[in-house]
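Input: a single structure, listed below in structure tokens.
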Amino acid sequence: MNVAAMQRLLAELRTQGITDEAVLAAIGAVDREKFVSATFAERAWENTALPIAFGQTISQPLVVAAMTEALRVGNRMKVLEIGTGSGYQAAVLAKLARRVYSVERFRPLSREAERRLLDCGIYNVVCDVNDGSRGWPAQAPFDRIIVTAAAEERPQALIDQLAMGGILIVPVGRDPTSQVIERIVKSEQGLQRDTLMPVRFVPLVAGALPDLGQG
């Protein structure tokens, strides 16, 4: 790990409003270099999104930090992530939660993410190749749910899998130029919704591609 570059990133995140020390510690504990391709290794600690395979991206660290901070994860919680991608967000969540369940529609991405997580000594993440828009019903309910792709509208299937008192963080918007992150808190009184920040994510696409990349 490039410790100096990691410390510069954490300092930048603090100046941009990230105040949760547990979240900052989790980001500092995950070597982002291990979640990017060799082509972008020198840029791993920059505060920017970077491309990965299948037209996907590893999110900007500020967005990862802000979404994770808004999720308010406790160390006894069960968390669902939709969109494993490189595995980086799951790795950060794994430092904060009891267990993370992560769904990815591209099998090669899921397998590579599993390899990276194990390489980092992270064993409390369970990955699955499936349609993320449907969540993971067999493991519901979840204390927290985070979606790392943009839904056209609030995903009811995921809201249904959220435990009472749970929090869902999801980018919402049909147009990439007008996406926002929403925080949805589920209670006996109904759903409380807050808009957090503008973002630009790849779309949440229904349907898994479990055989993609298989010979």
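The values are calculated or read from the model by the stated rules, or taken from the named source; none is laboratory data. Every value quoted in this text rests on a predicted model; they were computed, and no experiment measured them. FYI the Cβ positions are ideal-geometry reconstructions off the backbone, even for glycines, and counts take in every protein chain you see.
Quick look at the numbers
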item: Only listed residue being under 24 Å from VAL180 (Cα atoms), at pLDDT 95 or above and not aliphatic (A, V, I, L, M), chosen from THR57, THR19; result: THR19
item: Pairs with Cβ under 6 Å, 6+ apart, first in the range 101-112 and more than 18 Å from TRP136 (Cα to Cα), second of a type outside the set (D, E, K, R) and at pLDDT below 95; result: PRO108/GLY213
item: Scan of the range 166-180 for residues that are on the phi < 0 side of the Ramachandran plot and either part of a loop (DSSP other than H, G, I, E, B) or small (Gly, Ala, Ser) (or both), ordered by number; result: GLY166, ARG174, ASP175, SER178
item: Where a residue in the range 174-190 is farther than 17 Å from ASP143 by Cα and its partner, wherever it lies, is loosely packed, with under 14 Cβ neighbours inside 10 Å, with Cβ under 6 Å and at least six apart; result: ARG174/GLU152; VAL180/THR195; VAL180/PRO198
item: Selected residue (only one of ARG154, ARG174 is surrounded by 13 or more Cβ atoms within 10 Å (Cβ to Cβ), basic (Lys, Arg) and at pLDDT below 95); result: ARG154
item: Test: residue in the range 85-107 that is over 24 Å from GLN161 (Cα atoms) and part of a helix (DSSP H, G or I); result: no
item: Helices (runs of 4 or more DSSP H) lying entirely in the range 1-82 (those with 3 or more residues that are buried (at least 17 other Cβ atoms within 10 Å of the Cβ) and in contact (Cβ under 8 Å) with a residue 40 or more places away in the chain); result: 21-29, 61-71
item: Residue check for TYR123: at pLDDT 95 or above, hydroxyl-bearing (Ser, Thr, Tyr) and surrounded by 21 or more Cβ atoms within 10 Å (Cβ to Cβ); result: no
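To keep it simple, each residue is scored yes or no on (1) more than 14 Å from the chain's Cα centre (by Cα); (2) assigned to a helix (DSSP H, G or I); (3) over 22 Å from ILE181 (Cβ atoms).
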residue: GLU112; (1), (2), (3): yes, yes, yes
residue: LEU118; (1), (2), (3): yes, yes, yes
residue: GLY121; (1), (2), (3): yes, no, yes
residue: VAL126; (1), (2), (3): no, no, yes
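Residues are listed down the side, and each one gets a yes or a no for (1) modelled with pLDDT of 90 or more; (2) under 23 Å from ALA66 (Cβ atoms):
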{"position": "ILE146", "(1), (2)": "yes, yes"}
{"position": "GLN179", "(1), (2)": "no, yes"}
{"position": "GLY190", "(1), (2)": "yes, no"}
{"position": "VAL202", "(1), (2)": "no, yes"}
